[in-house]
Amino acid sequence: MGESRTVGLVLDALFERHDTGPGHPEHAGRLRRVRETLTDSGLAKRCTRVEPAVADDADLQRAHAAEYIARIEQACNSGERLIDSMDTAICPESAGIARQAAGALGHLCDAVAKGDLSRGFAAVRPPGHHAERNLSMGFCLFNNVVVAARRLQAEHPIERVFILDWDVHHGNGTQHILEDDASVFYASVHQWPLYPGTGAANERGVDAGEGATLNCPLPPGADSDAFLGAIRDTILPAARSFEPEFVLVSAGFDAHRADPLAALEVDTEAYGEATRLLLELANDCCDGRFVSVLEGGYDLDALAATTQLHLETLLAH
Ligand code: ZN
């Protein structure tokens, strides 16, 4: 297929203005490093740049309670530095930047759904997968991937969305917001036990969504083979039976062996293979429609190497 099919990229310094304060692991330097790496390597130039867009209330309310959105904005406007928990830091601009993170991802998904782009990667922050309908958690304000999945279903002729969350932490917010809905299949491979404590293998969805949640917890020390094995042997067969029309990836890179926040032993190359596996799924089931969004990844060298390989793989396949 090669580069005649265009790859979209969200990469913008505005996401570095979400200021989490000194000593915070989810800091602006993460995205600065990703931006410099993808630019200096020449990869960014080979992509079609997708500009940030602002997620409006209708977008956000597909994932969050209206009172929650208002509460985040109020807290930012009044100069609070923390929201809901000690780990989720905000600055006056954070609500607006979080709206643009969700909006940029939505804009990229629109372009892929319409066929203007073949696939893409959104390097945004704040991340989203821990954000619950009515609660911020784990550095996350708005649940970017849920907002995107709901937008695809609401505004495009797409009914069935598959989300793979390969961040080392379980995406509690994504699971909980979607767990009673059979039209979005949520699968996660993550370290367990680890923050946030959810994501046991017996959490399989509730009510009408029973069976549309799949958790693959891995013990501390699990390596690339275990990580890729969970994706290849457990998650992808289930995803194929689901017959998705769009593949979304909550792409955290913190299962890497160098990451300071977790204890998996995944190496850089595994992220290239994981990307290839998901592109194969998208090509087989979804006419290639694939979009990934940055979640975690806290060792800057590892984050640079893995996001570079991820984007190289999107460009090459
Ligand atoms: Zn994480």
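The values are calculated or read from the model by the stated rules, or taken from the named source; none is laboratory data. Here the structure is a predicted model, which is why all the values come from computation and not from measurement. Neighbour counts are summed over all protein chains in view; Cβ atoms, including those assigned to glycine, are modelled from backbone coordinates with ideal geometry. Accessible surface is based on the protein model in full, side chains and every heavy atom, while ligands, DNA and RNA are left aside. Shrake-Rupley method; radii C 1.70, N 1.55, O 1.52, S 1.80 Å.
Numbers for the structure displayed
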read-out	value
Inter-residue pairs, beta-carbon under 6 Å, first on the phi > 0 side of the Ramachandran plot and in region 17-30, second surrounded by 17 or more Cβ atoms within 10 Å (Cβ to Cβ), 6+ apart	Gly21/Ala89
Among (1) farther than 18 Å from Glu16 by Cα; (2) buried (at least 21 other Cβ atoms within 10 Å of the Cβ) - the single one Ile83 does not satisfy	(2)
Options Ala239, Ala282, Ala255, Ala226: the member that is open to solvent by less than 50 Å² (accessible area, probe 1.4 Å), within 16 Å of the ligand (Cβ to nearest atom) and modelled with pLDDT of 95 or more	Ala255
Among residues of region 258-279, those that are in contact (Cβ under 8 Å) with a residue 60 or more places away in the chain and open to solvent by 30 Å² or more (accessible area, probe 1.4 Å), counted	3
Within region 37-69, considering residues that are of a type in the set (Lys, Arg) and without any contact (Cβ under 8 Å) to a residue 60 or more places away in the chain, the one nearest to Met137 (Cα to Cα)	Arg49
Yes/no for Asp301 being open to solvent by 10 Å² or more (accessible area, probe 1.4 Å), more than 14 Å from the ligand (Cβ to nearest atom), farther than 20 Å from Asp225 by Cα and in contact (Cβ under 8 Å) with a residue 24 or more places away in the chain	yes
Residues of region 161-208 classified as under 19 Å from Val247 (Cβ atoms) and away from the ligand (no atom under 16 Å from the Cβ), total	10
